[in-house]
1. Just give me the residues in region 95-135 being of a type in the set (Phe, Trp, Tyr), in contact (Cβ under 8 Å) with a residue 60 or more places away in the chain and under 17 Å from Asp177 (Cα atoms), in sequence order.
2. What number of residues within region 126-161 are under 21 Å from Pro207 (Cα atoms) and buried (at least 18 other Cβ atoms within 10 Å of the Cβ)?
3. Show me the helices (runs of 4 or more DSSP H) entirely contained within region 187-278 in which 3 or more residues are small (Gly, Ala, Ser) and within 23 Å of Asp177 (Cα to Cα).
4. Kindly indicate whether any position in region 73-91 is in a loop (DSSP other than H, G, I, E, B), modelled with pLDDT of 90 or more, buried (at least 20 other Cβ atoms within 10 Å of the Cβ) and of a type in the set (A, V, I, L, M).
5. Might you check whether a residue that is surrounded by 20 or more Cβ atoms within 10 Å (Cβ to Cβ), modelled with pLDDT under 80 and among the hydrophobic types (A, V, I, L, M, F, W, C) occurs anywhere in region 270-293?
6. Answer with yes or no whether Phe223 is surrounded by fewer than 19 Cβ atoms within 10 Å (Cβ to Cβ), at pLDDT below 85 and of a type in the set (Phe, Trp, Tyr).
7. Taking the options Leu184, Leu149, Leu166, name whichever one is among the hydrophobic types (A, V, I, L, M, F, W, C), out of contact with any strand residue (DSSP E or B) (no Cβ under 8 Å at 6 or more places or on another chain) and touching a residue at least 12 places away in the same chain (Cβ under 8 Å).
Amino acid sequence: MINSSYVSYFALAAYFDTGLFKYLYFLLIMSLYVFIVCANLLLIVVICMNRSLHEPMYLFLCSLFVNELYGSTGLFPFLLVQILSDIHAVSAPFCFLQMFCVYTYGGVEFTNLAVISYDRYLAICYPLQYHVHMTSSKVVVLIAVTWSLPFFAVFVTTLLSVSLQLCGNIINIVYCDNYSIIKLACYETRVNDVYELVAASLIVCVPVSIIFYTYIKILKVCFSGSKQTRQKAVSTCTPHLASLINFFFGSFFEILQSRFDMSSVPNVLRILLSLYFLTCQPIFNPVMYGLNMSKIRIMCQSLLEHILSGPQHVQNTHCV
């Protein structure tokens, strides 16, 4: 029996030798990460710098983009190191830190998407009372709850996992996750299982219930309302619905690969499924919102044109 205090590292068994292809994979992952950072940072800067975008919907989107940066930073640098490494191992403290980042990212994503659903519900169902219900102080409270609730819930989860006595240190996945560590426990993990069920209900089931409720109300208004109301609902809800569907699929893949025996599935496919919600969502959201929301798209184009024309403008001024 190996006591948890003597487990100084975890071995990641899902990695396999790719030979010289590891440099190609490194470049691909690096390119994805650079794109995620640049795209999300661009939208964050655009929203923060333009007063016309200091509205509840755009502030909630800014919170969403910050979370995409947070989640991808908890994964991509680690993946880049592991791809080039010959020994796929991670220290126990860093493993628990990464687990905390991944789970808080997922929790914040769910609650943030629920808050955006609530905001769209008020804007479409109660347009005349929208600014009465969605005040600046309420926006601050909603964003604070969006981040604090998942962080507290996952912090307790991490503490419970750290206190476990482990009988092994091999994780069959490419990054650290809580369920893989719990499976290494030497004894019954009923406390962990019960708390995970409660925490999942709080940071997943409650937001999902809010999302379903708000969209049922929005659909009712769309079917009974005017053509203008339907057009407004479609234009503002399409990016959000696409983001929801994408994240639900990613979360489903993550639950599927972590809870069930996937040994019959090819290793590469298992890795792709486990990484889907941590890689596709940070790429998908800035592209979807940046292209579909006219205010953001126009501001982004203006900022990029200003950046690209900056050196030339300075040179022309100097010549004059």
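The values are calculated or read from the model by the stated rules, or taken from the named source; none is laboratory data. If you're wondering where the values come from, they're calculated on a predicted model, not measured in any experiment. As a convention, Cβ positions derive from the backbone with ideal geometry for all residues, glycine included, and neighbour counts pool all protein chains shown.
1. Phe96, Tyr103, Tyr105
2. Going through region 126-161 one residue at a time, the tally reaches 11.
3. Helices (runs of 4 or more DSSP H) meeting the threshold: 227-259.
4. Start the filter on region 73-91 by keeping residues that are in a loop (DSSP other than H, G, I, E, B), which leaves 74-75, 85-88.
Narrowing the set further to residues that are modelled with pLDDT of 90 or more leaves 74-75.
Cutting the leftovers down to buried (at least 20 other Cβ atoms within 10 Å of the Cβ) gives us 74-75.
Still in the running and of a type in the set (A, V, I, L, M): 75.
For region 73-91, residues in a loop (DSSP other than H, G, I, E, B), modelled with pLDDT of 90 or more, buried (at least 20 other Cβ atoms within 10 Å of the Cβ) and of a type in the set (A, V, I, L, M): present.
5. yes
6. Yes.
7. Working: Leu184 fails: out of contact with any strand residue (DSSP E or B) (no Cβ under 8 Å at 6 or more places or on another chain); Leu166 fails: out of contact with any strand residue (DSSP E or B) (no Cβ under 8 Å at 6 or more places or on another chain).
After applying the criteria, what remains is Leu149.
Residue-wise test of (1) under 30 Å from Ser137 (Cα atoms); (2) modelled with pLDDT under 90; (3) of a type in the set (Asp, Glu).
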site	(1), (2), (3)
Leu12	no, yes, no
Leu27	no, no, no
Val37	yes, no, no
Tyr58	yes, no, no
